[in-house]
Amino acid sequence: GVALATAAGTPVRAVYAGKTVYAQWLSEYGNLVILDHGDGIFTLYAWLQSVAVAPGSVIAAGTQVGTAGTGPGRDEPGVYFEVRDRQKASDPIAWLR
């Protein structure tokens, strides 16, 4: 994954349409949203100050999933973004273009 520096409270948006499978606190990630895009592809949005989606909701690309914040052990605000392809980490930069 990649750490993206941004101001706290900045809207965080889904990079691709999907279904919310997780939207709550997780110890190493802080507030975390996980989207299932089908075919074993998942995106993770962590260090969120707030979560704007509920588990089970189907969302379009560009939908706000939360706001940037800080994660456990972090002082600087931002967002951690990760792509998983069939359980393996994948380069997330292509998804951000």
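The values are calculated or read from the model by the stated rules, or taken from the named source; none is laboratory data. Since this is a predicted model, take the numbers as computed values, not measurements. Neighbour counts are summed over all protein chains in view; Cβ atoms, including those assigned to glycine, are modelled from backbone coordinates with ideal geometry. Calculation scope for accessible area: heavy atoms of the full protein, side chains included, ligands and nucleic acids excluded. Shrake-Rupley method; radii C 1.70, N 1.55, O 1.52, S 1.80 Å.
Looking at the structure I just gave you, is Val58 in contact with a Pro (Cβ under 8 Å, 6 or more places away or on another chain), closer than 20 Å to Trp95 by Cβ and open to solvent by 60 Å² or more (accessible area, probe 1.4 Å)? No.
Looking at the stretch 38-54, can you tell me whether even one residue there is at pLDDT below 95 and surrounded by 18 or more Cβ atoms within 10 Å (Cβ to Cβ)? No, that holds for no residue.
Listed conditions (1) closer than 24 Å to Arg86 by Cβ; (2) open to solvent by 30 Å² or more (accessible area, probe 1.4 Å); (3) in contact with a Ser or Thr (Cβ under 7 Å, 6 or more places away or on another chain) are all met by Glu28, apart from (3).
Only one of the numbered conditions (1) surrounded by fewer than 16 Cβ atoms within 10 Å (Cβ to Cβ); (2) more than 11 Å from the chain's Cα centre (by Cα) is violated by Gly18, and that is (1). When the test is whether a residue is at negative phi and out of contact with any Phe, Trp or Tyr (no Cβ under 6 Å at 6 or more places or on another chain), Pro77 passes it.
Is it the case that Thr6 is touching a His at 6+ places or on another chain (Cβ under 8 Å), in contact (Cβ under 8 Å) with a residue 24 or more places away in the chain and within 23 Å of Ala89 (Cβ to Cβ)? Here the answer is no, as Thr6 does not meet what is asked.
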